[in-house]
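Engineer: Okay, here's the structure, questions in a sec.
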Amino acid sequence: MKDISDTIEKDTPFPYIIIGEDDETEKGTKTHKGCLINSRIQIWTRSHSFGEAKKLISEIEEIIENNDFNIEKFDCYLLKTESDVFEDKDSTIKRGVIEIEAEFLKVR
């Protein structure tokens, strides 16, 4: 894996990962400030099978699920991850997608 980015240059070699397409929703209460974050990670591979994309998805999901992403003054709660792999119009390109939903609550 050479690059992880939120943009891809025209001649970027495969495989590559794009992080982005985030959405934030206010999730505060009278007693706590917080937000709900939805984020998408895309994995692009050039292969005749889905295996490489599925392997990368598995590795990324393991990192997400086995690490603490709390930041100063906020607790992070991973609510769910969902993933899928699709075949592009060019049957040698596969796109894996991981959807992440997490909640951040401000610590008192």
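The values are calculated or read from the model by the stated rules, or taken from the named source; none is laboratory data. Because the structure is predicted, anything quoted here is derived from the model rather than measured. All Cβ positions, glycine included, derive from the backbone under ideal geometry; neighbour counts span all protein chains shown.
Engineer: Starting from segment 44-66, keep only residues that are of a type in the set (Gly, Ala, Ser), then list their pairs with residues that are assigned to a helix (DSSP H, G or I) and surrounded by 14 or more Cβ atoms within 10 Å (Cβ to Cβ) whose Cβ atoms are within a distance under 8 Å, requiring at least 6 positions of separation or different chains.
Structural biologist: Qualifying pairs under 8 Å: Ser47/Ala53.
Engineer: Going by what's in this entry, would Ile71 be described as within 20 Å of Asp6 (Cα to Cα) and either in contact with a Leu (Cβ under 7 Å, 6 or more places away or on another chain) or of a type in the set (A, V, I, L, M, F, W, C) (or both)?
Structural biologist: Answer is no for this residue.
Engineer: Can you give me the number of residues within segment 41-91 that are part of a loop (DSSP other than H, G, I, E, B) and either crowded, with 17+ Cβ neighbours inside 10 Å or among the hydrophobic types (A, V, I, L, M, F, W, C) (or both)?
Structural biologist: Matching residues across segment 41-91 total 2.
Engineer: While we're looking at this one, here's another question. Would you be able to tell me the number of residues in segment 10-40 that are surrounded by fewer than 11 Cβ atoms within 10 Å (Cβ to Cβ) and of a type in the set (S, T, N, Q)?
Structural biologist: Here the count works out to 3.
Engineer: Does Phe104 satisfy the criteria of being surrounded by 14 or more Cβ atoms within 10 Å (Cβ to Cβ), of a type outside the set (Ser, Thr, Tyr), in contact with a Cys (Cβ under 8 Å, 6 or more places away or on another chain) and more than 21 Å from Ile8 (Cα to Cα)?
Structural biologist: yes
Engineer: How many residues, within segment 27-51, are in contact with a strand residue (DSSP E or B) (Cβ under 6 Å, 6 or more places away or on another chain) and more than 21 Å from Asp90 (Cα to Cα)?
Structural biologist: 11
Engineer: When only residues in segment 70-105 that are closer than 19 Å to Ser39 by Cβ and basic (Lys, Arg) count, which is farthest from the chain's Cα centre (by Cα)?
Structural biologist: The qualifying residue farthest from the chain's Cα centre (by Cα) is Arg95.
Engineer: Find all pairs meeting these conditions: Cβ atoms under 9 angstrom apart; at least six residues apart or on different chains; first residue within segment 69-86 and among the acidic types (Asp, Glu); second residue at pLDDT 90 or above and not in a strand (DSSP E or B).
Structural biologist: The qualifying pairs are Asp84/Ile57.
Engineer: Residues Glu21, Glu26: which one is farther than 16 Å from Glu61 by Cα, out of contact with any Leu (no Cβ under 6 Å at 6 or more places or on another chain) and modelled with pLDDT under 90?
Structural biologist: Glu21
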